Amino acid sequence: MSFLRNCWYAAAWDEEAPAEGSFNRRILNEDILFARDGSGEVRAIRNRCSHRFSPLSLGTRTGDIIECPYHGLRFDLTGRCVLNPHGNQQIPSNSHIKAYPVVARHMLIWIWMGDPEKADPDMIPELLGLDPEKYSINKGYMYTPANYEYMTDNIMDLGHIDYLHKGLLGSEAINRAEVDVKQAGNVVHSNRLARNEILPTALEAVFQSGGKPCDRWLDVSWHPPANMVLVVGVTEAGAPERIGRTNPGAHLMTPETDTTTHYFWSNSRDFRRDDHELHAMMDQGFELAFEHQDKPMIIAQRDAIGGEDFWDLHPVILEGDAGAIRARRILRKLIRDEQAAKS
């Protein structure tokens, strides 16, 4: 499988990068070492020595220098070899290790996997809600052994929530919701509006509608390759649309390999910010929904597909699939155009 490379991928939550030491994570089939330099800025280099390809994550770090655990070559955090302890101690011209552009934004570490000259930080999408000064934020990470596009489908088409998340996030009103799909450039908006809904118990605990009929909107914006913003909002039934309490969230799918995915998620609220009991309840709810409902279903879907191509299977297309299908087609075109530009 091919990936889009000239784009930003979420690599980690900012807090995952320690003040000292390092951590490594595989992204787009490349094992990458992340470390903060002396000024606190996160750096990223390929996690393998250029000599015999041993993982530098097994080495010893002193200041901004990492020593390879196999033969003792030393590298700085830009990937430059600064010491060859062998023979005449000359540093071979091809000893430099690949470095990657990295940006810290929206509480996340972002990495650019393509041409470094094209790494424009302004291409990182705005992620509403990831501002701890204004919001109380539930967030997490879920590793999933499945292709990232199927996980994108799961967020882009929320018609599944009355079935997979019955009693937790869904209700019968979702099935009759108004679906509106729009495209702006390469960004796809898949919006769903459910009218006269009695909120399920878990959402009632958050939005406190008093059991009265509500209008609920679930608006998803997809930014290639797989970065999504989901805004869920609730207002009194019949009130002006999309004016009320909202929970903005991020759903960011980063391929580890062709068949495994890093999933970074968040959910924010600017109301009841100091309600610790609510915060804990929401953490439990998201763990149930993501780890015990979405993830097993996506793995089961992976097994049923058995490695066949999505389009070769001729999937049935329902009304609610429009956003996910459009995102798939845009991504395929972007990858194809990127590859054509290289040839």
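Nothing in this text is a laboratory measurement; each read-out follows from the coordinates by a stated rule. What you see is a predicted model, and the numbers here were worked out from it, not measured in a lab. Glycine gets a Cβ as well: all are built from the backbone with ideal geometry, and neighbour counts include every protein chain shown.
Miscellaneous remarks
- Counted over region 55-107 with a bin width of 5 Å, the fraction of Cα pairs per bin, in whole percents, is 5, 19, 26, 22, 14, 7, 4, 2, 1, 0.
- Mean separation of Cα contacts under 8 Å, 6 or more apart, over the residue count of the chain: relative contact order %: 17
- Cys with no candidate disulfide partner in the chain (beta-carbon separation under 4.7 Å rule): Cys7, Cys81, Cys214
- Ranked by how many other beta carbons lie within 10 Å on average, peptides 130-143, 169-182 from highest: 169-182, 130-143
- The chain - Rg and Dmax from Cα coordinates, angstrom: 22.4, 80
- Grouping the Cα pair distances of region 8-123 into 10 Å bins from zero gives a pair-distance distribution of 14, 47, 30, 8, 1 percent in increasing distance order.
- If R0 is 22 Å, the Cβ-Cβ spacing of Phe23 and Glu117 corresponds to a FRET efficiency of close to 0.20.
- Remark: region 136-342 carries a charge dipole of roughly 500 debye about the Cα centre, counting +1 on each Lys and Arg Cβ and -1 on each Asp and Glu Cβ.
- Cα lying deepest toward the dipole's positive end in the chain, options Trp110, Ser343, Asn47, charges on Cβ: Ser343
- For region 42-127: relative contact order, % (alpha-carbon pairs under 8 angstrom, 6 or more apart): 24
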